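*Asks:* Structure below; questions to follow.
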Amino acid sequence: MNPDTEHWQLPALLSDDALRADEFPITKNKIFLSHAAVTALPRRVADAVCDYTRASCNDHQEFAGVIDVIRDTRRAAAELIKAKPNEIALLGPTSLGLSLFANGLTWKPGDEILCYQDDYPANVYPWLNLEREHGVKINYLKPDTPGHITPDLVAEHLTPRTRLVALASCHFLTGYRIDTDAIGQLLHDRGILFSLDAIQTIGAFPTNMTHVDFMSADAHKWMLGPMAIGIVYVAEQHFDLLRPSLLGAWNVKSPNFITQPEIEFHPTAQRYEPGVLNAAGVYGMKAALDMILALGIDHIANQLLTLKKHLLAGLASRNFQILPPADGPNATAITTFHRPDTDMAALFQFLTQNNVVSSDRRDRQDNALIRFSPHFYNTPAEIDRTLALIDEFTA
């Protein structure tokens, strides 16, 4: 079944064990519940990377066709996030894009940035560094529940000096998914820029750029792509505002590879790509994006919430405490849990030894937690097997 020519139906994939194992080889040996960390590659993604690499043995690495694949990958990325292809740069990891945003804007002492200290560090440090470098003031959101950032909370923390708000589309620990559109509309009504770290939703839930100015997301989580390649989005009206902070022969016009007396950037988001791209990663990411688009992001999101409901019922019946949200419009496939009478670190090791891949995490209070993050190809039977292992450990 080829998603380029035939639209996948998730029920058919999930009911065909041979097809599922062929498309997702990890399922032959492991139960993979760690997509919020670093994904295992689908076969078609690994094949795309290998095919490109093998072709590069017989020709140079920018052989005929590579530029076409780069162009088509921009188009696929733009379609997924409801943007324009000329607003897409193909760069990873996520922290690279976020650093380009922080370092490419012109700052004045006293400018204020609003962010969340308990976001993933990659979406905090680039902004925090501006305090030392440019005298920018960093203000932190303080939600009552970790990760639960609402439009009202953002509005309460804005000041006349707030120039930019930097948030994650989904909290990496609690799985709380923010209302990107509502927050973005709120900020734009007040003339405030909005930067988004969207690595925890793109490929899992609809993540549109309608009210976003800057966005970065690597492919190695929910997009099911390789590491160190991703999507960097810059709204085209900000090309002049966000000056490229990395320069090279690819993003500065250099006809016939001759340096010009003045720096003139390319008129698209290519201006943020200073040199040759991670072509193997681009091939892999294109295969992943094509698959996600063929399946349909709404179908994927519905499947993830169905799996979460099944998982939550099993964990709740075993008296595990689950970090909210459990349901509602802010819920995602990320489920993080603990139980005071259970050695969570030992449980994590037990699951690992029994071929269940999860994530061990700790909160700011140093509580040991386990995070499950299944994707659309996981099954209720895998969840049940994992719960049975938990029973075996806690017996």
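*Asks:* Can you say whether Leu96 is assigned to a helix (DSSP H, G or I), modelled with pLDDT of 95 or more and within 18 Å of the chain's Cα centre (by Cα), as far as the supplied structure shows?
*Replies:* Criteria met by Leu96.
*Asks:* Given the residues Phe205, Phe172, which is the only one that is under 30 Å from Ser358 (Cβ atoms), surrounded by fewer than 24 Cβ atoms within 10 Å (Cβ to Cβ) and under 11 Å from the mean Cα position of the chain (by Cα)?
*Replies:* Phe205
*Asks:* If you scan the stretch 27-47, which residues turn out to be touching a residue at least 24 places away in the same chain (Cβ under 8 Å) and part of a helix (DSSP H, G or I)?
*Replies:* The answer is Thr27, Arg44, Val45, Ala46, Asp47.
*Asks:* Could I ask something else about it? Which condition from (1) in contact with a strand residue (DSSP E or B) (Cβ under 6 Å, 6 or more places away or on another chain); (2) surrounded by fewer than 18 Cβ atoms within 10 Å (Cβ to Cβ); (3) of a type outside the set (S, T, N, Q) is the one that Phe101 breaks?
*Replies:* If we test Phe101 against (1) in contact with a strand residue (DSSP E or B) (Cβ under 6 Å, 6 or more places away or on another chain); (2) surrounded by fewer than 18 Cβ atoms within 10 Å (Cβ to Cβ); (3) of a type outside the set (S, T, N, Q), just (2) comes out false.
*Asks:* Inside the stretch 336-395, can you point out the residues that are open to solvent by 50 Å² or more (accessible area, probe 1.4 Å), within 15 Å of Asn29 (Cα to Cα) and not in a loop (DSSP other than H, G, I, E, B)?
*Replies:* Hits for the stretch 336-395 are Thr352, Gln353, Ala381, Arg385.
*Asks:* I'd like the full set of residues that are basic (Lys, Arg) and under 22 Å from Pro324 (Cα atoms), limited to the stretch 126-183.
*Replies:* Lys142, Arg177 - these are the residues of the stretch 126-183 that are basic (Lys, Arg) and under 22 Å from Pro324 (Cα atoms).
*Asks:* Something else: Which of the numbered conditions does Asn139 fail, given that it passes all the others? Conditions: (1) of a type in the set (S, T, N, Q); (2) open to solvent by 80 Å² or more (accessible area, probe 1.4 Å); (3) more than 28 Å from Val38 (Cβ to Cβ).
*Replies:* Failing condition for Asn139: (2).
*Asks:* Is it true that some residue in the stretch 48-63 is in a loop (DSSP other than H, G, I, E, B) and touching a residue at least 24 places away in the same chain (Cβ under 8 Å)?
*Replies:* Within the stretch 48-63, one or more residues are in a loop (DSSP other than H, G, I, E, B) and touching a residue at least 24 places away in the same chain (Cβ under 8 Å).
Table: residues versus (1) of a type in the set (Asp, Glu); (2) out of contact with any Pro (no Cβ under 8 Å at 6 or more places or on another chain); (3) in a helix (DSSP H, G or I); (4) modelled with pLDDT of 95 or more.
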| position | (1), (2), (3), (4) |
| --- | --- |
| Glu262 | yes, yes, no, yes |
| Gln270 | no, yes, yes, yes |
| Leu277 | no, yes, no, yes |
| Met291 | no, no, yes, yes |
| Ile300 | no, yes, yes, yes |
| Gln303 | no, yes, yes, yes |
| Lys309 | no, yes, yes, yes |
| Asn330 | no, yes, no, yes |
| Ala333 | no, no, no, yes |
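*Asks:* For the stretch 54-67, which positions are exposed (fewer than 14 other Cβ atoms within 10 Å of the Cβ) and among the aliphatic types (A, V, I, L, M)?
*Replies:* Residues satisfying the conditions are Ala64, Ile67.
*Asks:* Here's something else I'd like to know. Could you tell me which of the residues Ala77, Ala83 is touching a helix residue (DSSP H, G or I) at 6+ places or on another chain (Cβ under 7 Å), modelled with pLDDT of 95 or more and surrounded by 15 or more Cβ atoms within 10 Å (Cβ to Cβ)?
*Replies:* After applying the criteria, what remains is Ala77.
*Asks:* Let me ask something else about it. Restricting the stretch 6-53 to residues that are of a type in the set (Ser, Thr, Tyr) and under 14 Å from Asn378 (Cα atoms), which is surrounded by the fewest Cβ atoms within 10 Å (Cβ to Cβ)?
*Replies:* Ser15
*Asks:* May I ask you to say which residue of Thr106, Thr94 is among the hydroxyl-bearing types (Ser, Thr, Tyr) and either within 20 Å of Thr201 (Cα to Cα) or crowded, with 19+ Cβ neighbours inside 10 Å (or both)?
*Replies:* Just one listed residue meets the conditions, Thr94.
*Asks:* Another question, then. Which of the residues belonging to the stretch 76-115 are of a type in the set (Ser, Thr, Tyr) and over 12 Å from Ser245 (Cα atoms)?
*Replies:* Thr94, Ser95
*Asks:* Now, a different point. Could you say whether any residue in the stretch 128-143 is among the hydrophobic types (A, V, I, L, M, F, W, C), within 30 Å of His266 (Cβ to Cβ) and free of Cβ contacts under 8 Å to residues at least 60 places away in the same chain?
*Replies:* Within the stretch 128-143 (the criterion being among the hydrophobic types (A, V, I, L, M, F, W, C), within 30 Å of His266 (Cβ to Cβ) and free of Cβ contacts under 8 Å to residues at least 60 places away in the same chain), the answer is yes, since at least one residue qualifies.
*Asks:* I've got another one for you. Go through Ile258, Ile263 for me and flag whichever is touching a Lys or Arg at 6+ places or on another chain (Cβ under 9 Å) and surrounded by fewer than 24 Cβ atoms within 10 Å (Cβ to Cβ).
*Replies:* Criteria check complete, one pass: Ile263.
*Asks:* How many of the residues making up the stretch 167-197 are in contact (Cβ under 8 Å) with a residue 40 or more places away in the chain and in contact with a Phe, Trp or Tyr (Cβ under 6 Å, 6 or more places away or on another chain)?
*Replies:* 2
*Asks:* Please go through the stretch 312-328 and give me each residue that is over 25 Å from Ile178 (Cβ atoms), in a loop (DSSP other than H, G, I, E, B) and in contact (Cβ under 8 Å) with a residue 60 or more places away in the chain, ordered by number.
*Replies:* Arg318 - this is the single residue of the stretch 312-328 that is over 25 Å from Ile178 (Cβ atoms), in a loop (DSSP other than H, G, I, E, B) and in contact (Cβ under 8 Å) with a residue 60 or more places away in the chain.
*Asks:* Restricting to the stretch 101-126, count the residues that are touching a Leu at 6+ places or on another chain (Cβ under 8 Å) and assigned to a helix (DSSP H, G or I).
*Replies:* Matching residues across the stretch 101-126 total 6.
The values are calculated or read from the model by the stated rules, or taken from the named source; none is laboratory data. If you're wondering where the values come from, they're calculated on a predicted model, not measured in any experiment. Note: ideal-geometry Cβ built from the backbone for every residue, glycine included; neighbour counts use all protein chains shown. We work out accessible area using only protein heavy atoms, side chains counted, and drop any ligands, DNA or RNA first. Shrake-Rupley method; radii C 1.70, N 1.55, O 1.52, S 1.80 Å.
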